[in-house]
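No lab work stands behind these numbers, since they all come straight from the coordinates. These numbers come from a predicted model, not from an experiment. In this analysis, Cβ positions are derived from the backbone assuming ideal geometry, glycine residues included, and neighbour counts consider all displayed protein chains.
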Amino acid sequence: MDVTRTYETAQYLTFRLDRELFAVDIVKAREVLEFTTLTKVPKTPDFMRGVINLRGNVVPVVDMRLKLGLQQIERTVDTCVVITEVVLDGEQIVLGVLVDAVQEVLELAGGQVMPPPRMGNVIDTSVIYGVGKRDEEFVILLDIDKVFPGTELKEAVAAA
């Protein structure tokens with residue numbers, strides 16, 4: 001972890017997973033869609049929920065809950081898919097991320113973002129860009145490019 005990192009003012013799309021508030025840089029989020037029927041792709045990891053048709057393009061959809069080690073839940077009226085762009089081997093890939101509910105776009109000044117907490121080898125914090133605060137609640141800022149290691153995502157996208 002780079003403790004000398006400086007944070008700049010940026011906007012983040014916030015969303016819920018379980019009772020926790022997470023966010024990704026708004027630059028990485030293209031749009032938010034209502035949850036629709038997914039086409040399951042055989043022999044893909046559990047977190048790979050299937051694919052959707054997005055204006056004639058096949059887009060893989062991953063369950064962010066499962067990827068982050070949380071329990072899978074049933075779909076609700078608030079469940080949605082955030083269409084993101086992730087970098088895979090230097091190439092931008094469009095990827096749908098299933099979340100419990102999208103909250104808002106939140107602007108955080110650089111001074112409002114703290115580095116991820118140090119937790120030794122107990123928890124992998126490499127996917128966390130930083131931690132911000134909205135009112136009295138912490139917001140976990142995810143580095144979406146690091147959430148899915150290259151080979152893991154590459155295999156899932158290839159299968160899709």
Only one of the values [x] 26, 18, 15; [y] 20, 19, 17; [z] 31, 19, 15 was calculated from this structure for semi-axes √(5λ) of the Cα gyration tensor in Å; name its label.
-> [x]
Between D135 and V27, what FRET efficiency comes out of the Förster formula 1/(1 + (r/R0)^6) with R0 = 35 Å and r the beta carbon distance, rounded to 0.05?
-> 0.90
What relative contact order, as a whole-number percentage, does the chain give when Cα pairs under 8 Å and 6 or more residues apart are counted?
-> 29 percent
The size of the Cβ-based charge dipole (Lys, Arg +1; Asp, Glu -1) of the chain about the Cα centre, to the nearest 20 debye, is 340 debye
Using +1 at the Cβ of each Lys and Arg and -1 at the Cβ of each Asp and Glu in the chain, identify which of N57, T14, V86 lies farthest towards the dipole's positive end.
-> N57
If the cut-off is 19 Å between C-alpha atoms, which aspartates and glutamates fall inside it for K67, apart from same-chain ones fewer than 8 positions away?
-> D18, E20, D25, D46, E85, D100, D124, D143, D145, E152, E155
The range 71-120: GluC sites (Glu not before Pro) in DSSP loop, at most 14 other beta carbons within 10 Å | E74
Pseudo-spin-label distance K146 to Q71, built 7 Å along Cα→Cβ, given in nm, is 2.9 nm
Enumerate the lysines that K133 could reach by cross-link, defined here as Cα to Cα under 22 Å, with residues fewer than 8 away along the same chain left out.
-> K28, K146
If one compares the long axis through the Cα atoms of helix 150-159 with the longest principal axis of the Cα atoms of the chain, the angle in degrees, nearest 10, works out at 20 degrees
